[in-house]
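So the structure is just underneath, and the comments pick up after that.
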Protein chains: 2
Amino acid sequence: MSKYDNIPYKMYLDENEIPTAWYNVRSDMKNKPAPLIHPGTLQPLKFEDMQPIFCDELIRQELDNDTKYVPIPDEVLNFYKMYRPSPLTHAVFLEKMLDTPAHIFYKFEGNNTSGSHKLNSAIAQAYYAKKQGLKGVTTETGAGQWGTALSMACSYFGLDCKVYMVKVSYEQKPFRREVMRTYGANVTPSPSMDTEIGRKINAEHPGTTGSLGCAISEAVEAAVSTPGYRYELGSVLNQVLLHQSIIGLETKAACEKFGIKPDIIIGCAGGGSNLGGLISPFMGEKLRGEADYQIIAIEPASCPSFTRGRYVYDFADTGKVCPMAKMYTLGHDFIPSANHAGGLRYHGMSPILSQLYADGYMEARSVEQTAVFEAAEKFARVEGILPAPESSHAIRAAIDEALKCKETGEEKTIIFGLTGTGYFDLTAYEAFNNGTMTDYIPSDEDLEKGFASIPKLDL
Amino acid sequence: MSKYDNIPYKMYLDENEIPTAWYNVRSDMKNKPAPLIHPGTLQPLKFEDMQPIFCDELIRQELDNDTKYVPIPDEVLNFYKMYRPSPLTHAVFLEKMLDTPAHIFYKFEGNNTSGSHKLNSAIAQAYYAKKQGLKGVTTETGAGQWGTALSMACSYFGLDCKVYMVKVSYEQKPFRREVMRTYGANVTPSPSMDTEIGRKINAEHPGTTGSLGCAISEAVEAAVSTPGYRYELGSVLNQVLLHQSIIGLETKAACEKFGIKPDIIIGCAGGGSNLGGLISPFMGEKLRGEADYQIIAIEPASCPSFTRGRYVYDFADTGKVCPMAKMYTLGHDFIPSANHAGGLRYHGMSPILSQLYADGYMEARSVEQTAVFEAAEKFARVEGILPAPESSHAIRAAIDEALKCKETGEEKTIIFGLTGTGYFDLTAYEAFNNGTMTDYIPSDEDLEKGFASIPKLDL
C-alpha cells in the first residue's frame, strides 16, 4: 500500500476550481529581477520606452514587481475553460516500470491544439491587445508552438496575427504552418521582403534560410511600423511567467485537493515560460519560508545557459533590436549545434528565474539529447503520451530522480511539467528510431565564442 | 437563460464512473445482423473457421448476439484510465458563432496519442491476444490511426505488432510511421516481399505503391502463416462495435449526470466503429422502445455506402482473403477518387449498422469534402481543437442541424462524435487553405463499376 493508492490516475480540478488570478512571484522575491535596460542609454526601460512595441497593460504587468495576485479577465478565463483545467496525472505506469518507491506526478499541458502550454500566455496577450483596440499583433516562430498558440488566440478575439516563421521551418515543416493558416494567421517566411531588415538580410545573404534572431527583428519592425499593431513574445518576459503561473496554481490546488505533498519539482527550461509557471506558487512558499521544495531546471547540454552561462546583461535577441536583460546567457550570438533536435535553444533565460537561481532557490542540470529521447520513448510506451522533446528533458530528470530513490529506498514525491506533445517533432523521433541521433556538448572554446558577443557594459 | 447554463463546459465523469462493462447492441436487436459467411461454402462462419485468423475470445464476442453486457477486463480498464473518461464538451463557442437556439455537445476521443477512438478497441484486442498466450499480432494501416492505436496497445502488453502500411503512406506520411516505430511496432511497406501475396503483387505490378486491400491480404497471410500470431482489425466487425460502446456509455452517463437530453445524435461513418460505439446505448433504448432519438450517420459523398450502396453480401476486402459480410456496400473494387482527402474510404459498412439502417432505426446523409473542411475550420477557430477530417463530417452535419434550428426556432439538443484530431492530416488542410481542394461525387456509371464486383450469390 502506498500513500497515494486512493487518488485517481488523472486528477482534474472542477471547472469552478480553476484559479481566477495569476500569481506574481516577484512580489515575494527579496531580490527583484534586474530591469530590462535600453541598449543606448543603459537606463532601465520605462513604460513609454516600451509603448511602441508592447500593449500598455502588458507593459504594466512587465514592470509590476509588487502586486501579488492579478485577476484573470473573464474573457481569458472563458477561453481557459476550453482546455483547462489540465490534468495532474499520477504516473503509476512509469513508477511500475521503474520499480521505484518514488511517487511521480506530471502536469500535462499538451491537450490543446497548440500542443503546449504556450496558449496560456497567448490568450492573455491577445486579450490585452484587443482591449486596447489594436488591429493586430506580430510575432516570430521557429518550430511553431508559440506561433500556433498566438494564431489560435488571435482567431478567438478577431485580431490579425502576422507570424514571421524562420524560412527553413516554413519550407521543411509545413504542418505547423498550415495549423497557423487554418487559424487565419498570415505566415511569412523570414527573412521576407516586407521589412527593411528582411530586405537587407536577403540582399547580404542571398538564399539564406533565416534564423530566429532575424525573425524577431522582422516581427518587431513590422509591429513598430504598422499603425494599430504591437509585438508579442512567448517566453522570457516577466508577463509571460505571470500568465503561466496558472500551471503552478492548478498544480498546487490539485495537490491540496488530493493530498499530494511534493518533495521535488522539475521543469524543462528554454526561455523559462513553463518552468517559471509551474514553480511560481511553490517558489512563493519557499521564498516566504512556509515550505521547502527541491526545484530543478533541466536544460539541454547543447544549450546550457543556466549550468555554463554567465549572469550578466545581454541582448535578448541575436538581432539586437530588443532591450537588454540581465540573465544567464551564452551570448546572443550563441546558436546550438545543428544536431540539436530538442527545442530549448534560447541563448538566455528568464530574468526572474535567473535571479532565483543566482540566489540559490533552485538547481539546474543539463542532459544530453539521446538520453532525453530514450526517456521520451520509455514514457510514451507506458504512459500513452508521445511527449514533446522539450518536455522530455523533464521526463529524463524525473526518471533519474526516481531511480536514485530506488537505490536509497526513499519514497520521494516528484512532480514534473509535461509541457506538450511531440506530434510535430517526428523527424527527431525518426532520427532516434534510426539510431542516427547524436549528442553534442559545446567545448569551452565553443562557449567562449558566444560569450564574446556579450556587450561589455559599465554598469 | 438556457437550460444548460449551469453545467461545465467540459464534462468529465469521475474515474470510478467509467463504465465497467461494454454494451452489446445486438442483444436488443430483433433482426440480428447477418452472419459472416465463408466465400467457398456460403455457410455462416463458425468458431473453428475463424480460429486461424482471430483470437478465440474475440471470435466469441464476434458471434455472440445475446449477451447484453460484457465485463471489461481489469487490465483493459486500467489502460482506459490513462486517457478516459474522455470529455463530453458543451460547444458554447460554436453555438454562439452560429447564433442558434440549438444546444450542441460533442464527445471528444482525440486526447490520446493515437489521436482517435481506435485505441478503445486496440487495447481490448491486444489484451485478448496476450491472454491467449500469443506472441504477436498483425494488422494493416492506411493513414495510420488504427496502426498507431494497435502499436500503443501491443507495447503496453509486450506483444509484437507487425503493421503492413500501404507503401505510398509509408513513404509520403512518415510521421505516423515513426509514432508506430516509437511504440516498437514493426512497420512494413506493403506490398512487401515478406508474403506470398506481396511478392505476387510486386511481380505483377512492379513499382506499385500499394492499396489497403493488398495490405489487409498481407496482414492476414502473415498472421495465418506465423505460429503464435493472429490478425486484428479496427472497424466493421461486431467485436469492434462492442468495445467502442464505451464511447456511448460514457456519453450517456454524462448526459444523465449533467441533465442533458439529446434529440439528435450524429456520427461519421467509414466502417462504423465510431458511429456504432457512440450510438449503441442510445440505440438500445430506442430498440427497447424506452426513448426516441434521431440518429444520423454522415459519410463522404465520394464514398457513399449507406446513401447509394446496396445491402447485400460482399467481400470485406478488395483482396478477397476475408469472409463475406452482408452490409451496405459499393462493391469491394470501389475506390474513392484520388482527390478524396477525408478518410472514411471503406467500400462497405458494419453489418450491425447496416441492419439497423435497413430497419429504419437511423438515417444517413452524405457531405462533400470542401463543405466538411469549411466546417472543420470554423470549428477549430471557435472550439480550439483541430479536428480530424473524418470527425469533421459530423461537425458539418451538426452545424447544418443547428442552422435549421435557427430557422425554425427549435431548441434541439445535438450530440456528435468528435473522433479525433487532424495533426497528421495537414496536407489536406493545406489543400483547403490554398483553395485547391475539390469535390467529387461519383456518377451512377462510376458506382456501377463498383457494384459489378459484388459477387452474385444464390442465397
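Every number here is computed from the coordinates shown, using simple stated rules; none is lab data. Here the structure is a predicted model, which is why all the values come from computation and not from measurement. Every residue, glycine as well, gets a Cβ built from its backbone with ideal geometry; the counts of neighbours run over all protein chains shown.
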Return the ratio Rg/(2.2 N^0.38 Å) for the stretch A:267-314, where Rg is computed over Cα atoms only.
1.30
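Loop only by DSSP, 15 or fewer other Cβ within 10 Å of the Cβ. Give me the GluC sites (Glu not before Pro) in the stretch B:351-438 that pass, ordered by residue number. Don't jump to the answer; show the numbers that get you there.
Numbers: sites: B:E363, B:E368, B:E374, B:E377, B:E383, B:E390, B:E401, B:E407, B:E410, B:E411, B:E430; in loops: B:E368, B:E410, B:E411.
Qualifying residues, ordered by number: B:E410, B:E411.
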Which aspartates and glutamates have a Cα less than 13 Å from the Cα of B:K32, not counting those fewer than 8 places away in the same chain?
B:E62, B:D64, B:D66, B:D359
The helix B:74-83 Cα axis meets the longest alpha-carbon principal axis of chain B at an angle in degrees, between 0 and 90 and rounded to 10, of 60
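Please compute the average number of Cβ atoms from other chains found within 10 Å of each residue's Cβ in peptide B:382-391.
Numbers: counts 3, 4, 13, 6, 10, 1, 0, 0, 0, 0.
Across the residues of B:382-391, the mean count of other-chain Cβ atoms within 10 Å is 4.
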Are there GluC sites (Glu not before Pro) in the stretch A:62-119 that DSSP marks as loop and that have at most 16 other Cβ atoms within 10 Å, and which are they?
none
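B:A301: net charge of surrounding residues, Cβ under 15 Å, Lys/Arg +1, Asp/Glu -1, itself excluded? Spell out each step's value before the answer.
Details: positive: B:R308, B:R345, B:R365, B:R396; negative: B:E299, B:E368, B:E374, B:E390, B:D400, B:D439, B:D444, B:D446.
Local charge sum for B:A301: -4.
So if R0 is 60 Å, what FRET efficiency would A:E445 and A:N6 give, r being the distance between their Cβ atoms, rounded to the nearest 0.05? All intermediate terms of the calculation are to be shown ahead of the outcome.
Working: r = 55 Å, r/R0 = 0.92.
Rounded to the nearest 0.05, the efficiency is 0.60.
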Answer rounded, prolate or oblate for the stretch A:289-343, using the Cα gyration tensor with square roots of eigenvalues a ≥ b ≥ c: rounded when a/c is under 1.5, else prolate when a/b is larger than b/c, else oblate.
oblate
Shape of the stretch B:143-201 from its Cα gyration tensor (a ≥ b ≥ c, root eigenvalues): rounded if a/c is under 1.5, otherwise prolate when a/b > b/c, or oblate?
oblate
Name all residues of the stretch A:106-136 having a backbone nitrogen under 17 Å from the label point set 7 Å from the Cα of A:F258 along its Cα→Cβ direction, giving them as ranges.
A:106-111
Per-residue mean of other chain beta-carbon atoms within 10 angstrom of the beta-carbon, peptide B:182-188?
3
What trypsin sites (Lys or Arg not before Pro) in the stretch A:144-220 are in a loop by DSSP, with at most 12 other Cβ atoms within 10 Å of the Cβ?
none
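Within 10 Å of each Cβ of B:13-21, how many other protein chain Cβ atoms are there on average?
Details: counts 0, 2, 6, 1, 0, 0, 0, 0, 0.
That average works out to 1.
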Surface/4 of the Cα convex hull for the stretch A:67-157, nm²
8.4
Below 26 Å Cα-Cα, how many Lys pairs turn up in the stretch B:95-199? Only count pairs eight or more apart in sequence, or on different chains, if you could.
13
How far, in degrees from 0 to 90, does helix B:145-157 lean away from the longest principal axis of the Cα atoms of chain B, to the nearest 10?
80
Under-5 Å amide H pairs with B:T413, H placed in peptide plane, nonlocal only
B:H103, B:D263, B:I264
Return the distance in nm (one decimal) between the two label points of a simple spin-label model at B:Q172 and A:D359, each offset 7 Å from Cα along Cα→Cβ.
5.8
Placing a label point 7 Å from Cα toward Cβ, how far apart in nm is A:I441 from its equivalents in the other copies, listed shortest first to one decimal?
6.7
Normalised by the number of residues in the stretch B:57-168, what is the relative contact order in percent for Cα pairs under 8 Å and 6+ residues apart?
21
What does the C-alpha gyration tensor say about the overall shape of the stretch A:287-443? Classify as rounded when a/c is under 1.5, otherwise prolate if a/b is larger than b/c, or oblate.
oblate
Longest principal axis of chain B (C-alpha) makes with the long axis of helix B:238-258 (C-alpha) an angle, in degrees to the nearest 10, of 20
Report the label-to-label distance for B:D292 and A:Q294 in nanometres (one decimal), using points 7 Å from each Cα along the Cα→Cβ vector.
6.6
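As a footprinting exposure proxy, order A:S211, B:S151, A:S27 by other Cβ within 10 Å, with the fewest listed first.
On the way: A:S211 20, B:S151 31, A:S27 16.
So the residues, fewest neighbours to most, are A:S27, A:S211, B:S151.
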Can you list, shortest first in nanometers, how far A:P455 lies from the same residue in the other copies, with each label 7 Å from Cα toward Cβ?
8.0
Least to most buried among A:K107, B:K96 (fewest other Cβ within 10 Å first):
B:K96, A:K107
Can you give the three extents of the C-alpha atoms in chain B along their principal axes, from longest to shortest, in whole Å?
66, 48, 48
For A:V224, place a label point 7 Å out from Cα along the Cα→Cβ vector, do the same in each other copy, and report the separations in nm, one decimal, smallest first.
7.2
For A:M11, what residues show an amide H to amide H distance below 5 Å, using hydrogens built from the backbone and excluding near sequence neighbours?
A:L88, A:T89, A:H90
Only counting other Cβ atoms within 10 Å, I'd like A:V382, A:V137 sorted with the fewest neighbours first.
A:V382, A:V137
Sequence neighbours fewer than 8 away in the same chain don't count; with that in mind, list the lysines whose C-alpha is under 18 Å from A:K30.
A:K68, A:K286, A:K326
Among the aspartates and glutamates, select those whose C-alpha is under 18 Å from the C-alpha of B:K449, and discard any that sit fewer than 8 residues away in the same chain.
B:D314, B:D317, B:D333
Among A:41-48, A:234-241, how do they line up from the highest to the lowest mean number of other beta-carbon atoms within 10 Å?
A:234-241, A:41-48
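Please compute the Kirkwood hydrodynamic radius of the protein assembly as shown from all pairs of different C-alpha atoms, in Å with one decimal. Before the final figure, lay out each step's value.
Values: mean 1/r = 0.0351 Å⁻¹.
Computed over Cα pairs of the protein assembly as shown, the Kirkwood hydrodynamic radius comes out at 28.5 Å.
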